[in-house]
Amino acid sequence: MDAWSVASWLLLALLAVAALLFLLFCVMVQYSHMKFDHIPGPPRDSFFFGHYPSLRKSMNNDGLIHEQFLQWTEKYGRVLRINILHNASLIVSSPEAIKEFLMSPQYKKDKMVYERMFGIFGERCLGKGLVTATDNDRWHKQRRVMDPAFSRTYLMGLMGTFNEKAELLMENLAEFADGKTEVKIHDLMSRLTLDVIAKVAFGLDINSLQDDQTPFPKAISMLMKGLTSTREPFIRLYPGKQKFVKDVQESIRLLRRTGKECIKQRQKAIDNGDEIPMDILTQILKGAALEDDCDEEIMLDNFVTFFLAGQETTANQLAFAVMLLSRAPQVLEKVQAEVDDIIGSKRDLEFDDLGKLQYLTQVLKETLRLYPTAPGTSRQVEKDTVIEGLKIPAEVVLIFNMYVVGRLEEFYKDPLIFNPDRFSPDAPKPYYTYFPFSLGPRSCIGQIFAQMEAKVVMAKLLQRYDFELVAGQSFKIMDTGSLRPRDGVICRITPRTNPKGFK
């Protein structure tokens, strides 16, 4: 047999194998359809790609994928099927199911989603840190070690730093408080929360509020965009994306390099017997020692995780709160009156003051209902189950979306209206329909920290200033892994004449 014949036979063999693999894939897709098609859902865009074209369109047209989920949920119900290739996922908005699957430790996080955050563009990112660990045993060990850094006693000791950094923000705002200068609130809040988490978690003085040249705000923003881009598996091949990929890679390297230096210096202090703070960095090192697992990469995973989570989500919540209050003058007047009554002319808030700011607490909770900065979570179901009377096959992912649940009329009357009274002490408590920090054992370890910080900042802001939104900006949402205001909440600031005589 000559070479040409051999090549022809090889080509035919390869074509036959490709045809067989394609046929097997078609069978897998069809099997998935047959297995899940009894569950309500929108018509698929195509046999192979399922609903992906619709979801891609919603993201590409300056839209929000969570808004698409909301529209489908309103039409198809509390259990909604989404098909992409041979995979099916369910968006679940049933309070009973939210209680069952989030409150119980037996259900694991979805590996496909959280392990995708391990690395971005070949650079290790969140790795196997506290948020991304899908193995419950590994997660439990990390959580147990981290808990002391979020104890009530330790958090009370952070009030000095919260006050100090928030006061610096107030001083910065004073330079622009002429009623004419346009200020992008989100940028300032991002710098503030970055300074706070760097100081209280890692002992770093970044001072980004004073230093416009510090690279950390941009690095965190790029990292968040990189995390979102993992939804597009072939984004590295897209024309014109090479610079974006490079910027994300460099941002990850900067954060991990910074973490490595912090760990090195703190370990040296421990070895020398120096007095050290019981902050997150110390707990990361103690955890590694207790578990006899001094893997530096895992320690860096947690450094990046806390650096990112402690900055991004609180900044977004604060910016959204300013936006909502600016559009609701009656609510603004009421919350300012509470601040005047409780805080008066004090510059430094005390821990006990925070518990007295009941209406401000309601404002912040209502902000997260409408704009949950971390919009959802997911769980794997390994056994057949039943949700809302529907048989749910095993080996499926359940998605619990706070953006969707928080905007459903059946749970919240007039859901698009900003109404902090929903969370007043006398109002009925939402039954497993409010979970901006998730629920159960895998709820956010930093939620109390975040809300303490948010209260201090908002109380000082409401005490000192009035703010007015600049006309013409949009109030659209940008999804960068967390939800943030697309235009940054552009305001004009004026000093407030405080009835309690603040000077």
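Brief remarks follow.
- Selection within the stretch 1-52 - hydrophobic (A, V, I, L, M, F, W, C), touching a residue at least 60 places away in the same chain (Cβ under 8 Å) and assigned to a loop (DSSP other than H, G, I, E, B): Ile39
- Residue satisfying condition, being at pLDDT 85 or above and closer than 14 Å to Gly129 by Cβ, within set Ile220, Ile252, Ile280: Ile252
- Counting the residues of the stretch 15-73 that are among the basic types (Lys, Arg) and within 23 Å of Arg407 (Cβ to Cβ) gives 2.
- Candidate set from the stretch 142-188 (those that are buried (at least 16 other Cβ atoms within 10 Å of the Cβ) and part of a loop (DSSP other than H, G, I, E, B)); member that is farthest from the chain's Cα centre (by Cα): Ala177
- Any hit, the stretch 199-216, residues being surrounded by fewer than 23 Cβ atoms within 10 Å (Cβ to Cβ) and closer than 27 Å to Val113 by Cα: yes
- The residue pairs whose first member lies in the stretch 423-444 and is within 23 Å of Val331 (Cβ to Cβ), whose second member is exposed (fewer than 13 other Cβ atoms within 10 Å of the Cβ), and whose beta carbons are closer than 6 Å, counting only pairs six or more residues apart or on different chains, do not exist in this structure.
- Scanning the stretch 220-247 for residues that are over 16 Å from the mean Cα position of the chain (by Cα) and more than 20 Å from Arg56 (Cβ to Cβ) yields Gln242, Lys243, Lys246, Asp247.
- Residue in the stretch 244-257 that is charged (D, E, K, R) and part of a loop (DSSP other than H, G, I, E, B) present: no
- Residues located in the stretch 440-477, provided they are among the aliphatic types (A, V, I, L, M), out of contact with any Gly (no Cβ under 8 Å at 6 or more places or on another chain), within 30 Å of Arg143 (Cα to Cα) and crowded, with 18+ Cβ neighbours inside 10 Å: Ile445, Met452, Ala454, Val456, Val457, Met458
- In the stretch 316-356, of all residues being under 23 Å from Phe437 (Cα atoms) and in contact with a Lys or Arg (Cβ under 6 Å, 6 or more places away or on another chain), the one that is surrounded by the most Cβ atoms within 10 Å (Cβ to Cβ) corresponds to Asn316.
- Pairs are defined by a Cβ separation below 6 Å, a sequence spacing of at least 6 or placement on different chains, a first member in the stretch 352-379 that is under 30 Å from Lys108 (Cβ atoms), and a second member that is assigned to a loop (DSSP other than H, G, I, E, B) and modelled with pLDDT under 95; the pairs so defined are Leu368/Pro436; Pro372/Pro436; Thr373/Ser482; Ala374/Ser482; Thr377/Ser438; Ser378/Asp110; Arg379/Tyr107.
- Contacts under 8 angstrom Cβ, first residue in the stretch 143-160 being closer than 14 Å to Phe351 by Cα, partner assigned to a helix (DSSP H, G or I) and modelled with pLDDT under 85, 6 or more apart: Tyr154/Pro148
- Close Cβ contacts (under 9 Å, 6 or more residues apart or on different chains) running from residues in the stretch 305-329 that are more than 28 Å from Tyr114 (Cβ to Cβ) and of a type outside the set (A, V, I, L, M) to residues that are assigned to a helix (DSSP H, G or I) and modelled with pLDDT of 95 or more comprise Ser326/Leu332.
The values are calculated or read from the model by the stated rules, or taken from the named source; none is laboratory data. Note that this is a predicted model, so its numbers are computed, not measured. We place every Cβ from the backbone using ideal geometry, glycine too, and count neighbours over all the protein chains shown.
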